[in-house]
Amino acid sequence: MTAIATGAGAFRLEEIPPRRYAHVSGGRPEQALEGRVDESAKTPVRPALGLASISLAFGGVAALREIDLEVAQGEILAVIGPNGAGKSSLLNIVSGIYRLDRGEVRFGENSFREVPTSKLAGLGVARTFQNLALFKGLSVFDNVPMGLAHRVRAGFLQQIVGSLLGRRIEAENRAAAEEVIGFLHLTEVRDRLTGTLPYGLQKRVELARALVARPKLLLLDEPFAGVTLTEKRELSQHVRNARDSFGAAIVLIEHDIGVVMGLSDRVAVLDYGRKIADGTPDQVRADAAVIDAYLGVAHEDDKELI
Amino acid sequence: MPALSSAKSAWFSSEALWIGLVIVAAYGIVPLAGTDYLLDAVLTPFLALSLAAVGLNVLTGYAGQVSLGSAAFLAVGAYAAYNLHLRIPALPLLVDLVLAGGVAAAIGIVFGLPSLRLRGFYLAVSTLAAQFFVQWALTKFSWFSNDNPSGVIDAPILSIGSISFTSPAERYVFSLTIVVVLTLLTLRLLRSQSGRNFIAVRDHEITAKVIGVPHLRTKLLAFAISSFLIGIAGVLWAIAYLRTVEPAGFNLDRSFQILFIIVIGGLASLRGSFIGAAFIVVFPLLLSRIGAALLGSVFDSGVLEMSQRIVIGGLIIAFLIAEPRGLIALWDRAWDAMRPVRRPVYPT
Amino acid sequence: MNVMRRLKVTMAAALAVGLASTLAAHADEQFFPLQSYRVGPYAAGGTGFFGGFIDYLNLINIRDGGVNGVKLTWDEGETQYEVERGVEVYERLKSRPGIAAWNPLSVGIAYAMIDRITKDKVPLITINHGRTDSTDGRVFPYVFPLLLNPYSETSGIVNYITSREGGADKLKGKKIVVLYHGSPYGKETIPIYKLLADKYGFELEQIEVPHPGNEQQSQWLSIRRAKPDYVVLRGWGVMNPVALKTAQKVGFPADHIIGNVWSNSEEDVIPAGDAAKGYIAITTQASGAEYPVLQEVIKTVYGANKGNLEDKKRIGSVYHNLGIVNGILNVEAVRIAQAKFGKRTLTGDEVRWGFEHLQLDPARVEALGAKGLFHSINVTWDNHEGDGRVTFQQWDGSKWKVVSDWIAPDWASLRPIIEKSSAAYAKEHNIKIRASGDDQVGQ
Ligand SMILES: Nc1ncnc2c1ncn2[C@@H]1O[C@H](COP(=O)(O)OP(=O)(O)OP(=O)(O)O)[C@@H](O)[C@H]1O
Ligand SMILES: [Mg+2]
């Protein structure tokens, strides 16, 4: 039994650069982005995520209609839209929780009609959920390394006996978790049961669990909902860091336009299951259709920001 | 639900100390309080039921898969050990014991397959199938009881190598050793990745799937481990305790009894399994003594049986509503109340 | 509530609060620990049997002042017919002084006790039930399946049919259907019926009724198609009245249905009402209260308001009389052992010796006031059943009436099967087979 996933597209442990998160600073993200664009100019790189005419309906209600979308490696794409626009459904399709009616999902080289949910982690995809989806019965320190569960390949007997390899992997996972917990300021509550933490902290734990695997593609469904303004700023720096330090492509669903405009490289706007705009924050801000559908009307969540 | 304390916390040493103390006390009971009644009628059945409860707790408490078929796996273990002993006499009893657990685990996996599709109430109903099927098969095919006329079979002599365990004290020590070893191994497993996977599947199956927990394998593993433990508990029940095996003793009532143990003792708590088992074993005995002492002849066996059912039923409802974490939560709270708070509380 | 029960319970209570030591038995008591069942699904049998047993012990105490001056005492523990409760009661009561014998009236409990009583050297009496091969006293020195085991019951039923048909040669070409309960108990006699069918040349069909047996339409339709001369009912609980009612529906005559020993009580026929009229069942002990010993129980025990049955109408019922007979056998074993060892409290091992010499011929049975109640018994060191005779009783709509002589099963042809099984047990458990009654027993 190998200890490391070696499937196509899976992370190899030895490929992972030394763990170093860039310190949260005021450095302009565009600089990092420019470096990446230069590279991709030399060798054409497949987008980290590609969606081709995705459609999904629940009974008579069309949740998504003919959505085309691409997220380049190292790119932060924000998906915005009013409630019920289909944003979460989009992520659920990408993670295989909803089965699409038509269309195709591509991760790098691999394309799927039906995304195999249980292989996602192996493909380098991690996500958070709009509603808390933590393991309430595990402590923070046990929850976070669950993001690396797919790397543990030791059988249960080996786990009981505690084989050398198994212990090494366990130690590595623990160290990775420890680091993320430190960055996300969760150290103080690391031994608490996650179910007993306040909402904002639980959100943080979920983000930590998604980050710990250093995914190639990170799907975040409203990760900042219900946290304070200062925390929001801090957390969005961590999201940016994920891109900067290990080049994750990120799909971010967020209602807070301020955060969206500051953080994302590109913004896609959904309305009634259709993509009505897709471009840089500035382009989208100026788009008439978007203003009509969304920006013109103050969203209940972001009154304070607009 | 209680956490699996992480191995590295300062807790560990004090926990290890506690486990050590309990084990020493358990072995110490034999010379101290070793009346046959206490050993054979109270402690040995307590140990067997505790192990069964630990098994069910792995499945229901930790992995979140409800089962009403525990008694079936007790029966499989007991009959498997009996037949292995009978048909392959060369095998030492200890090997029979482990193999019997293996047979129970295999059957457990088969009856765990519906869990890949079903959950909650529907899964509970499908585990009932195990209960009825096993009991039916054991009565239907007299091969299982070696064509014994009355279907009741007598247990082989308990022995390891040349040491045989025949007196109540010896059978207690045998059971205690098996239960201690298996419980410690279970504890280790629960603190490994597999144990965290159990809880992940229980708490949020979709997320578990998304982050790459092999959730189907995890569920089947839970069924296998659980049935293994319950199967061995069945061997202890039949061979170390009753000294006989009969299918009627492994009916649905027994499955419920084990379920009640973990509900009353505490879901997802190994200590809870033991406390719950102690309660279920000792409570009726106490009730009958106290009832007889206080009420005299009014408290005959009919009244006893009725009051026992009423109290246990009431307790289960009370626990489900007021303290779903069972007796062990009450215990911990009482314990915490006696010492200063030392757990860090996040400032909110 | 009667005084005796109250007294017992008070004693138990005293025990609980730790006064047990002060109540230690006097030198002249012989104790019967009773694993009775008065609640649960089998309460009807339990109250009848243990009621009869206690009534007889009371009779001996009140009328005779005990056995040669040794008072008989007892204490009950409820088992609900469940094995682990039986074990609990065993462990609770086994340290009491002067235990004569255990009488659980439950196959499961009896099995759980075999090792324990052998180690503790106390006899285990399983009248009319228990494991068949424990008949072999060479292997099971402490177990006594008195009067009847399932094999001899089977043979007894076939012998009864033979006598009704007018001779063994008349059995050839006859057809018998055995309707058995779908449980280990029910299936126990399948090979024996086959054996006897081969021997006597009758046609045999054995049909299973799945537990609990409250629906038997299809079984009785196949019986109607098979047109048997007799149906043997090897039933249990609700299966019995349902069988009788269904038989009536398909038009099978009740007087050609022969019930076995667990289908022979009032509880088996009364629920069937009219359909049970004419039904015949085997028994080792006649029912009815006309026998002198029962008259004495009524007069002496119930007269002194010490009777154990709450419903006096059940005096003389099948289970009550089985309890009385069980009492006679236990008391006589003690008496016989006292003749050898002295008129004092005996050890379990000494009482075992008494059981191994429990020989009551019809004259002695008559002297005990039980003529007609049961026939005789002849237990020896290697035959722990004691060649009990069986009789057949017919339900007339309100009570059982004996309709046959005392019939002897064909023990000789059953013994080899029993010995084969007991030899296997001996081998499995490293038991040295006794070569004579004087052998040192136990391990
Ligand atoms: N499982 C489901 N079953 C039925 N309808 C669903 C389901 N999930 C989503 N929908 C419907 O699909 C549409 C899109 O929902 P979705 O949750 O994707 O919206 P959203 O953009 O994430 O909204 P919000 O901002 O409120 O999170 C809605 O009309 C919703 O009611
Ligand atoms: Mg949403």
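Quick notes on this structure:
- Tally of residues being assigned to a loop (DSSP other than H, G, I, E, B), β-branched (Val, Ile, Thr) and within 19 Å of the chain's Cα centre (by Cα) across the stretch C:376-403: 2
Per-residue answers, yes or no, for (1) aliphatic (A, V, I, L, M); (2) within 16 Å of ligand 1 (Cβ to nearest atom); (3) within 21 Å of residue A:218 (Cβ to Cβ):
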site	(1), (2), (3)
A:82	no, yes, no
A:106	no, no, yes
A:125	yes, no, yes
A:134	yes, no, yes
A:137	no, no, no
A:146	yes, no, yes
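- Number of the condition not met by residue A:94 [criteria: (1) near ligand 1 (Cβ under 8 Å from one of its atoms); (2) surrounded by 23 or more Cβ atoms within 10 Å (Cβ to Cβ); (3) within 16 Å of the chain's Cα centre (by Cα)]: (1)
- Test: residue C:363 is in contact (Cβ under 8 Å) with a residue 40 or more places away in the chain and not assigned by TED's automatic domain parsing to the domain that holds residue C:271: no
- In the stretch C:418-430, the qualifying residues are those that are at negative phi and out of contact with any helix residue (DSSP H, G or I) (no Cβ under 7 Å at 6 or more places or on another chain), and the one that is modelled with the lowest pLDDT is C:428.
- Taking residues in the stretch A:52-64 that are within 14 Å of chain B (Cβ to nearest Cβ) and touching a residue at least 60 places away in the same chain (Cβ under 8 Å), and partners anywhere that are part of a strand (DSSP E or B) and near ligand 1 (Cβ under 7 Å from one of its atoms), not one pair has Cβ atoms closer than 7 Å while being at least 6 places apart or on different chains.
Rundown of residues vs (1) within 19 Å of residue C:259 (Cα to Cα); (2) part of a loop (DSSP other than H, G, I, E, B); (3) among the β-branched types (Val, Ile, Thr), yes/no style:
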site: C:349; (1), (2), (3): no, no, no
site: C:365; (1), (2), (3): no, no, yes
site: C:405; (1), (2), (3): yes, yes, no
site: C:409; (1), (2), (3): yes, yes, no
site: C:421; (1), (2), (3): no, no, no
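- The residue list B:278, B:248 contains one member that is within 13 Å of chain C (Cβ to nearest Cβ) and either charged (D, E, K, R) or in a helix (DSSP H, G or I) (or both), which is B:248.
- Candidates C:269, C:293 - the one that is within 26 Å of residue C:146 (Cβ to Cβ), touching a Gly at 6+ places or on another chain (Cβ under 6 Å) and in a helix (DSSP H, G or I): C:293
- Of all residues in the stretch A:85-124, those satisfying the criterion of being more than 10 Å from chain B (Cβ to nearest Cβ) and of a type in the set (Val, Ile, Thr) are A:93, A:94, A:105, A:115.
Each row is one residue, and each column tells you yes or no for (1) surrounded by fewer than 22 Cβ atoms within 10 Å (Cβ to Cβ); (2) within 16 Å of ligand 1 (Cβ to nearest atom).
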position: A:189; (1), (2): no, no
position: A:203; (1), (2): no, yes
position: A:219; (1), (2): no, yes
position: A:229; (1), (2): yes, no
position: A:252; (1), (2): no, yes
position: A:255; (1), (2): yes, yes
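- Of all residues in the stretch A:180-214, those that are under 18 Å from residue A:231 (Cα atoms), within 11 Å of chain B (Cβ to nearest Cβ) and in a loop (DSSP other than H, G, I, E, B) total 4.
- Only one of the numbered conditions (1) in the same structural domain as residue C:102 (by TED's automatic domain parsing); (2) without any contact (Cβ under 8 Å) to a residue 12 or more places away in the chain is violated by residue C:350, and that is (2).
- Inside the stretch A:263-292, residues that are more than 16 Å from ligand 1 (Cβ to nearest atom) and under 17 Å from the mean Cα position of the chain (by Cα) make up a count of 4.
- Wholly within the stretch C:69-182, helices (runs of 4 or more DSSP H) carrying at least 2 residues that are more than 14 Å from chain B (Cβ to nearest Cβ) and touching a residue at least 12 places away in the same chain (Cβ under 8 Å): C:150-165
- Residue check, residue B:201 in a helix (DSSP H, G or I), surrounded by fewer than 20 Cβ atoms within 10 Å (Cβ to Cβ) and either within 14 Å of chain C (Cβ to nearest Cβ) or touching a residue at least 24 places away in the same chain (Cβ under 8 Å) (or both): no
- Meets criteria (within 24 Å of residue C:280 (Cα to Cα), crowded, with 19+ Cβ neighbours inside 10 Å and within 20 Å of the chain's Cα centre (by Cα)) for residue C:137: no
- Residue check, residue A:76 at pLDDT 90 or above and within 16 Å of ligand 2 (Cβ to nearest atom): no
- Selected residue [modelled with pLDDT of 90 or more and not polar (S, T, N, Q)] from B:128, B:32, B:123, B:118: B:128
- Only one of A:88, A:118 that is more than 16 Å from ligand 1 (Cβ to nearest atom) and in a helix (DSSP H, G or I): A:118
- Restricting A:148, A:138 to those that are at the interface with chain B (Cβ under 7 Å from one of its Cβ atoms), buried (at least 21 other Cβ atoms within 10 Å of the Cβ) and among the aliphatic types (A, V, I, L, M) reduces the list to A:138.
- Selected residue (only one of A:273, A:226 is within 16 Å of ligand 2 (Cβ to nearest atom) and within 14 Å of chain B (Cβ to nearest Cβ)): A:226
- Within the stretch B:64-98, considering residues that are assigned to a loop (DSSP other than H, G, I, E, B) and either of a type in the set (Ser, Thr, Tyr) or within 11 Å of another protein chain (Cβ to nearest Cβ) (or both), the one nearest to residue B:145 (Cα to Cα): B:89
- The lone exception for residue A:166 - which of (1) more than 16 Å from ligand 1 (Cβ to nearest atom); (2) closer than 26 Å to residue A:249 by Cβ it fails: (2)
- Criterion: touching a residue at least 60 places away in the same chain (Cβ under 8 Å), at the interface with another protein chain (Cβ under 8 Å from one of its Cβ atoms) and assigned to a helix (DSSP H, G or I) - qualifying residue of B:206, B:225: B:225
- Just one of the numbered conditions (1) more than 8 Å from chain B (Cβ to nearest Cβ); (2) at negative phi; (3) crowded, with 21+ Cβ neighbours inside 10 Å; (4) within 16 Å of ligand 2 (Cβ to nearest atom) is not true of residue A:127: (1).
- Per the conditions (1) at pLDDT below 90; (2) closer than 22 Å to residue B:281 by Cα; (3) surrounded by fewer than 24 Cβ atoms within 10 Å (Cβ to Cβ), the sole criterion not satisfied by residue C:24 is (2).
The values are calculated or read from the model by the stated rules, or taken from the named source; none is laboratory data. Nothing here was measured: the structure is a model prediction, and the numbers come from that model. Heads up, the Cβs are rebuilt from the backbone with ideal geometry, glycines too, and the neighbour counts pull from every protein chain shown.
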